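The values are calculated or read from the model by the stated rules, or taken from the named source; none is laboratory data. Keep in mind the model is a prediction, meaning the values are calculated, not measured. Here the Cβ positions follow ideal geometry from the backbone for every residue, glycine too, while neighbour counts run over all protein chains shown. Heavy atoms of the whole protein, side chains included, go into the accessibility calculation; ligands, DNA and RNA do not. Shrake-Rupley method; radii C 1.70, N 1.55, O 1.52, S 1.80 Å.
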Amino acid sequence: MNYSKLKFLSVALVCGGLLYGCGSSSESETETDTPYLTADEDQGGLDLPSGFQSYVIAEDLGRARHLAVRENGDIYVNLREANEQGGIAALRDTDGDGRADEIKYFGDFGGTGMAFYNGNLYASNDSTVFQFSFTGDSLIPDNAASPDTIVSGLPVQTSHAAKSFTFDDEGFLYVNIGAPSNACQEQDRSKGSPAMDPCPLLERHAGVWRFDAEKTGQTQLEDGYRYSTGIRNAVALEFNPFDGHVYAVQHGRDMLNGLFPDMYTTEESVEQPAEEMFRLSDGANFGWPYCYYDGKQNIRLTAPEYGGDKQSSDRCEGTVAPVATFAAHMAPNDLLFYTGDQFPERYKGAALIAFHGSWNRAPLGQKGYKVSMVPFQNGSPSGEEQNFADGFAGVEEIEAPSDAKHRPTGLAMAPDGTVIISDSVTGKIWRVFYKEDNTLALK
């Protein structure tokens, strides 16, 4: 079975793992009462669109990053740092209410990336992509103590270190290698420090590298293929089975006012540049560090470090335009293309994006801390960004990330079509589902 069939499977539910009950909802069906689709009274603290509900599957797991759901409904969560029990949390429901009552840990590393491919669980730390295998319905992988190494030797860096990844339907693994830099200055984020031109970081960083999905013992230098470049950091990376492309949502650069106060106002620095969604292709260049995207002018401009004047685009010739843009500095940390049947039909093919939340919009209020939905049709955005899940922060005003009680970081679709969301502050895990309100339908 290939990855797309496994990850996006929508099947009749079986009693096993975190999946219970039979039947799914649509805009025209009456939702059957199933124990695992019973919302928390407060929706787990989330604000959701009409008809959607949620509940907390587990909490206090640790600083959760990306997560993945097995065919039987078991949930696996990669933690930013390993605790005394391990770096990956494995969750199972044994009594049919959809909440995790069996939680185990394994692995001696923490990281970000996590996904299933051909029945095996893949997880990454900041330098390596590992593969775990299972026998039967065991919650813990057979090789939990000594996973296979698919790719090693990825650059270890002090910033933008997360090695997120995804798989296509042709047997390839795509790994994000972020740039350990804001704009490729000789002294990072230092006013007056010259830019390096050409930027040497592009040799091993600031792009997405392609590998064989199942070959062990690969390294970036010997086996990696630089598939797309000019991407500052794309923690949100996902294959879209509707058009066969890998997509990324970039963390854009910052400090325009701090580095160039004579050129950019504080407000301009807060609102620029836009976060960009890219459709990747072989050899595509998306402009970093020579360019940034001005969301007001809807154009990619030459960065001030490389002679830009807020109008010129000379260093951006030949770069590929984004397919969508978003407000600045919201830190997109995961991307999911919805392929299930549990949500209303209008969500089919839509992109869900987890915005971890900004830290660099001061003195104005921070933004993000939410999951957004972008409708897609025929592989391209067909409408404006919409709020899908909000309320994670738990406060009305966010002056700094430490104000937020929770920050959405990972997204995954369960085999039943519900969506699972992880939080990086305490390790809270939610399930979001659609349940048609018949009382509203009668009005």
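Tabulated data for the structure shown
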item: Full-extension gain in nm, residue 159 to residue 83, via 0.36 nm per residue minus C-alpha separation; result: 25.2 nm
item: In range of the label at residue 60: residues from the stretch 415-438 whose backbone nitrogen is under 14 Å from the point 7 Å along Cα→Cβ; result: 426-429
item: Average accessible surface area per residue within the stretch 186-332, 1.4 Å rolling probe, Å²; result: 41
item: Solvent-accessible area per residue, Å², over the stretch 41-170 with all protein chains present [probe radius 1.4 Å]; result: 37
item: Rule-of-thumb Rg ratio for the stretch 296-443 [Cα; 2.2 N^0.38 Å; N residues]; result: 1.24
item: Percent carbon-and-sulfur accessible area, the chain, ignoring ligands, DNA and RNA, probe 1.4 Å; result: 45
item: Taking the stretch 195-324 and dividing mean pair separation by its residue count, relative contact order in percent (alpha carbons under 8 Å, at least six apart); result: 20
item: Estimated [θ] at 222 nm from DSSP helical runs (n ≥ 4, -39500 (n - 2.57)) normalised by residues in the chain, nearest 500; result: -1000 deg cm²/dmol
item: Virtual paramagnetic centre 7 Å along Cα→Cβ of residue 243, amide N under 17 Å, in the stretch 277-316; result: 277-286
item: Whole-number D in µm² s⁻¹ for the chain, Kirkwood Cα-pair radius fed into Stokes-Einstein, 10 °C, 1.306 mPa s; result: 72
item: For the chain: relative contact order, % (alpha-carbon pairs under 8 angstrom, 6 or more apart); result: 17
item: The stretch 204-222 residues near the modelled residue 143 label - backbone nitrogen below 14 Å, point 7 Å along Cα→Cβ; result: 213-218
item: Members of 191/370; 163/428; 367/428; 104/367; 191/310; 296/367 lying beyond 24 Å, as alpha-carbon distances in this model show; result: 191/370; 104/367
item: Relative frequency of Cα-Cα separations exceeding 20 Å in the stretch 219-317, percent; result: 42
item: Relative counts (whole %) of C-alpha pair distances in the stretch 163-255, using bins that are 5 Å wide; result: 3, 13, 22, 21, 17, 11, 7, 4, 2, 0
item: Computed accessible area, residue 279, all protein chains, 1.4 angstrom probe, square angstrom; result: 70
item: Förster-model FRET efficiency, 60 Å R0, residue 268 and residue 212, C-beta, rounded to 0.05; result: 0.85
item: Cβ-placed point charges (K, R +1; D, E -1), dipole of the chain about Cα centre in debye, nearest 20; result: 760
